[in-house]
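Participant: Next up is a structure, given as structure tokens.
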Number of protein chains: 2
Amino acid sequence: MSFIQNLQAAWAHNNSLLCVGLDPDLAKFPAHLREDPDAIYQFCTAIVDATADLVCVFKPQIAYFAGESAEEQLEALIDYIHLNYPHIPVILDAKRGDIGATAAQYAREAFERYQADALTVNPYMGFDSIEPYLAYPDCGLIVLCRTSNPGGSDLQNLEVRVDAKEGKKLYQHVAQLVAEKWNPHGQAALVVGATFPQELTDVRKLVGDMPLLVPGIGAQGGDVQATVSAGKTVAGAGLMISASRSILYAGKGEDFAEAARKVALATRDEINSHR
Amino acid sequence: MSFIQNLQAAWAHNNSLLCVGLDPDLAKFPAHLREDPDAIYQFCTAIVDATADLVCVFKPQIAYFAGESAEEQLEALIDYIHLNYPHIPVILDAKRGDIGATAAQYAREAFERYQADALTVNPYMGFDSIEPYLAYPDCGLIVLCRTSNPGGSDLQNLEVRVDAKEGKKLYQHVAQLVAEKWNPHGQAALVVGATFPQELTDVRKLVGDMPLLVPGIGAQGGDVQATVSAGKTVAGAGLMISASRSILYAGKGEDFAEAARKVALATRDEINSHR
């Protein structure tokens, strides 16, 4: 099954549009875990076990592993998810972007070494920086479009002129490029932040039923009702609404996984109440 | 000493604007090295030893290491360069770009774990994706501006309108943002490809003496004379002209390092003949 098919099955199976982002920050870990040499793996697998029936996808953020020299724990974590929850796909959040020969190495890293089901990528270097991932048509390719951070506006909201046509925003142009040209095998999705619901509406109009990965609820403050209303497809799905810190660090004690489950459950249910 | 100061000293010390890119592709290695478990380290340190008196900077590309699970060899390689050639700075070519909390992890990865002197980053997510690196003011921050690959034109050459002013290209806007707003500590440089000399001229006019990392000569076909003429500062420097494949894989036998040295020497001298 492809990433997109797995995602659609997980939406239905868990009745959930929630993506739990796995951003393991040791400084925020419960005290009893910090001295464990496998603390990152122990923490993340506990979160996975506590939330796997509540999510449509897991999304480890590679920067948190790379900063701790924890590549082996990342490999083991993704293995663990595949083995125990084979119906839940895994997005490697790495936002890669480089020329073709280098992108081919990043594709090997994501899809062969880590066995991720999907990868986030950056569009700034254009189509040939995207093309090597198309050689893995079953894997998801999730292109940054309109990001949830304050600086996301610096470039993405600039008005651009293409072929002397009427102006549009850069992120709208990226959405159209992905929808119309960069997605020959139907493996693409887009990152569109929850902090700008009107822009989520714009992108949904441009890309039909393409899945959207939506960060920005939880710690970043995006409104759940506005996000679901702006981003859902006609069928009431099409979204991977990501929360990380608000779930991972809901508790600070030995019951951290239980606390995470409570927030994940409440978040999933709040999302569903607006579908 | 800061990255920029080290770079200026290396320009003078080695009379060179050449950057050797360390992109270790096992499939292109000499046969006698391929079975070595430390082949990447052995290959790259041999190239470093053969060219260290001919370059102003070395630039390992992290994708080639990550694709081979060779993070420890990358750490050891950068250690080796610092120990044996302390006057030659090291750029980690990783093109990172993410929200602030994640960028802080990438900064730790580059500047603390790998002890790189500079890092390449992607501007698509805007200023707060750049800001965490400013906490390391001695480290270089090399922002993608106009890249050398064919798809580089897809977004970077779009005409953008900023504040109702006359149109300019997206890469020109990025150059101005970096020169005027994103560089409070004077640690920034830009990536501008050699395949578009007119654009190199445009950027040089916008950023004064800011160093430019220029890929695209060698295997990618950029013209050396046009590149130097378009990109040099008034003082005849300001450039890190990068070549990777044309140098690394100049020879296929046990004399690969000697063959690499010959090409590096010829490239440095050709660059100097146009300064």
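Participant: So, in segment B:10-25, of the ones that are of a type in the set (A, V, I, L, M) and buried (at least 24 other Cβ atoms within 10 Å of the Cβ), which residue ends up nearest to the chain's Cα centre (by Cα)?
Facilitator: Taking the candidates together, the pick is B:V20.
Participant: Further, regarding this structure: Please determine whether any residue of segment B:96-107 is at the interface with chain A (Cβ under 8 Å from one of its Cβ atoms), within 15 Å of the chain's Cα centre (by Cα) and surrounded by 22 or more Cβ atoms within 10 Å (Cβ to Cβ).
Facilitator: yes
Participant: Follow-up question, since we're still on this one. Is it the case that A:P150 is out of contact with any Lys or Arg (no Cβ under 7 Å at 6 or more places or on another chain), more than 23 Å from B:A27 (Cβ to Cβ) and touching a residue at least 40 places away in the same chain (Cβ under 8 Å)?
Facilitator: When the stated conditions are applied, A:P150 does not pass them.
Participant: Please verify whether A:R161 is at pLDDT below 95 and at the interface with chain B (Cβ under 7 Å from one of its Cβ atoms), treating the condition exactly as stated.
Facilitator: Judged against the criteria, A:R161 is a match.
Conditions (1) within 14 Å of another protein chain (Cβ to nearest Cβ); (2) out of contact with any Gly (no Cβ under 7 Å at 6 or more places or on another chain); (3) without any contact (Cβ under 8 Å) to a residue 40 or more places away in the chain, marked per residue:
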{"residue": "B:G193", "(1), (2), (3)": "yes, no, no"}
{"residue": "B:Q198", "(1), (2), (3)": "no, yes, yes"}
{"residue": "B:G218", "(1), (2), (3)": "yes, yes, no"}
{"residue": "B:G222", "(1), (2), (3)": "yes, no, no"}
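Participant: With modelled with pLDDT of 95 or more, under 17 Å from A:F3 (Cα atoms) and among the charged types (D, E, K, R) as the only criterion, which of A:D98, A:D79 stands out?
Facilitator: Every option except A:D79 fails the conditions.
Participant: Select, from A:T233, A:T201, A:T195, the only residue that is modelled with pLDDT under 95 and of a type in the set (S, T, N, Q).
Facilitator: Just one listed residue meets the conditions, A:T195.
Participant: Pull up segment B:26-56, narrow it to residues that are free of Cβ contacts under 8 Å to residues at least 40 places away in the same chain and within 14 Å of chain A (Cβ to nearest Cβ), then point me to the one that is surrounded by the most Cβ atoms within 10 Å (Cβ to Cβ).
Facilitator: B:I40
Participant: Looking at segment A:111-156 only, could you name the residues that are part of a loop (DSSP other than H, G, I, E, B) and more than 9 Å from chain B (Cβ to nearest Cβ)?
Facilitator: Passing the criteria: A:Y114, A:Q115, A:A116, A:D117, A:Y136, A:P137, A:D138, A:C139.
The values are calculated or read from the model by the stated rules, or taken from the named source; none is laboratory data. Everything numeric here is computed off the predicted structure, so don't read it as measured data. All Cβ positions, even for glycine, are placed from backbone atoms using ideal geometry, and neighbour counts span all protein chains on display.
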